[in-house]
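The values are calculated or read from the model by the stated rules, or taken from the named source; none is laboratory data. Small disclaimer: the values here were computed from a predicted structure and weren't measured. Here the Cβ positions follow ideal geometry from the backbone for every residue, glycine too, while neighbour counts run over all protein chains shown. All accessible areas refer to the heavy atoms of the entire protein, side chains included, with ligands and DNA or RNA removed. Shrake-Rupley method; radii C 1.70, N 1.55, O 1.52, S 1.80 Å.
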Amino acid sequence: MTVTRHTRPYDVADLSSLEFWAGTASEREKTFADLRANRPISWHRPAEGRLIEDPNDQGFWAVVRHADLVEVTRRHDDFISGEGIVFDSIPAELLDAAQGFIAMDPPRHTQVRRLLVSAFTPK
């Protein structure tokens, strides 16, 4: 199996390290504040400590500014959730059980949302 690697440089803020996530909330917030101010969309290496190693995992984009996140949620054809919303590469057949409704893309997300909304809407 040949794995094609992109040469895009990873961001200096290491959101993928276990050390970063083991730090204090205050320390993490400083990093996120810097990213929001200077690099609101940044590329990071694959996360450390994953349960399932994936030799094709080249990293992830971090989108940290509210306006950009709003844009991402509106463009479901360009930015998908259905292939996973966690650091691990989870096989497709396990995604539904592992992540549920929030990780679905339209039209399935819309169908399930309609069912849930009707169940939780006061009569």
What number goes with the only condition from (1) exposed (fewer than 11 other Cβ atoms within 10 Å of the Cβ); (2) modelled with pLDDT of 75 or more; (3) under 25 Å from residue 62 (Cα atoms) that residue 120 does not pass?
-> (3)
Just a yes or no: is a residue in the range 90-98 part of a loop (DSSP other than H, G, I, E, B), modelled with pLDDT of 80 or more, open to solvent by less than 90 Å² (accessible area, probe 1.4 Å) and of a type outside the set (Ser, Thr, Tyr)?
-> no
Residue list for the range 15-33, restricted to those being open to solvent by 50 Å² or more (accessible area, probe 1.4 Å) and not aromatic (Phe, Trp, Tyr) | 18, 19, 22, 24, 25, 26, 27, 28, 29, 30
Note down all Cβ pairs under 9 Å where the first residue falls in the range 62-82 and is closer than 13 Å to residue 37 by Cα, the second is part of a helix (DSSP H, G or I) and of a type in the set (Val, Ile, Thr), and they're at least six residues apart or on different chains.
-> 63/72
Conditions (1) modelled with pLDDT of 85 or more; (2) over 28 Å from residue 7 (Cβ atoms): number failed by residue 48 | (2)
If residue 36 satisfies every condition in (1) part of a loop (DSSP other than H, G, I, E, B); (2) open to solvent by 40 Å² or more (accessible area, probe 1.4 Å); (3) out of contact with any helix residue (DSSP H, G or I) (no Cβ under 7 Å at 6 or more places or on another chain) but one, which is the exception?
-> (1)
